[in-house]
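Here's the structure we're looking at; comments come further down.
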Amino acid sequence: MCIVAFTKAVLVASISIGLAAGQTAPALPDITQAVEAKPTPTHIGAHQLGETLQEWLSIEKLASPQKTNIAPHRLGETFAEWLKFNQMDLDGLCPKNKPNDGLCNHLLQIRDTGSGDLYTTDQFSRTLGWRFIGGKVADYSFDHTWQNERVTTSNNRAYKWQFSDEQLSAVSVTPDWNTIYKQYSEEGIARHPEAVPAFQEEVGFLTQTYGSPSKVETIPYGNAYGAHWERSEAVWNRPDGTKIIAFERTGFNQQGQLELVAFDSKTSLEKAQQTKPNPYGH
């Protein structure tokens, strides 16, 4: 007997004990739905969609700070490095023998706890936000718009991890073009296709992990010279609402090469639908 059936049977027996002769036990609500497990979140390697930025950072443990467009700052720099880049001396700003103001209290809290948000203004009068997690810069913002993105590389692939409300909501996997283009031009790649991850091999890896695709499509292409060719797309619809799509590169000489694998969580797909503009609306 399964746990749900056993629980219901015990409840019926318990109620029946106090009933008078001829009376029947009242119908019990069906609790099966209440105890059904939620679908397992879709995993990408050691990560899973829905994990927090802090969880992602604890798993990834980046060996070195990542470059940003807020040089000399980098994602992953320590709070002490952040203070140095901003030419801020915490002991001078917040001496122990003087009452601390709001800024000092905030700085000291981040130093002591490793977490918190700070805001500064740059030479262009933009408001810069700095989010510290685990004593390091975990994210930054321009005019209150957070970047919510991380990029890592592994096995000749580049991974873009996108966060929404500090939860992992989408991931895109592409060939590591920065490394590939250092060695080959597009003409060189055509002569050395092994330099780019193969589309069918990637579909094989995805199938091993997520099962057979829900759908495989063949897309026709052509050019002005009359040439025609086809490329493939494979789609997985996951139980947790995640959609995975693998794309083959579409160029005439790019047959069999991986273009992109896109992971979009249910939340990411719903937000994309909500933010689509209506071209015929007012």
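Below, the figures for the structure above:
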read-out	value
FRET efficiency, Thr127 to Gln183 (Cβ-Cβ, R0 35 Å, nearest 0.05)	0.30
Ordering of 115-123, 175-183 by burial proxy (mean other Cβ atoms within 10 Å per residue, highest first)	175-183, 115-123
Order by protection proxy (mean Cβ within 10 Å, highest first), peptides 193-200, 211-218	193-200, 211-218
Reach of Lys243 by Cα under 26 Å, taken over lysines that are not fewer than 8 positions away in the same chain	Lys38, Lys160, Lys215, Lys266, Lys271, Lys276
Extension reserve of the Asp143-Leu103 stretch, reckoned as 0.36 nm per residue once the Cα distance is removed	12.5 nm
Part-to-part distance (alpha-carbon centres) for the stretch 211-272 and the stretch 79-124, which is given in Å	48 Å
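Every read-out reported here was derived from the displayed coordinates using simple, explicitly stated rules and does not represent laboratory data. Note that the structure is a prediction, hence the values are computed from the model and not measured. As a convention, Cβ positions derive from the backbone with ideal geometry for all residues, glycine included, and neighbour counts pool all protein chains shown.
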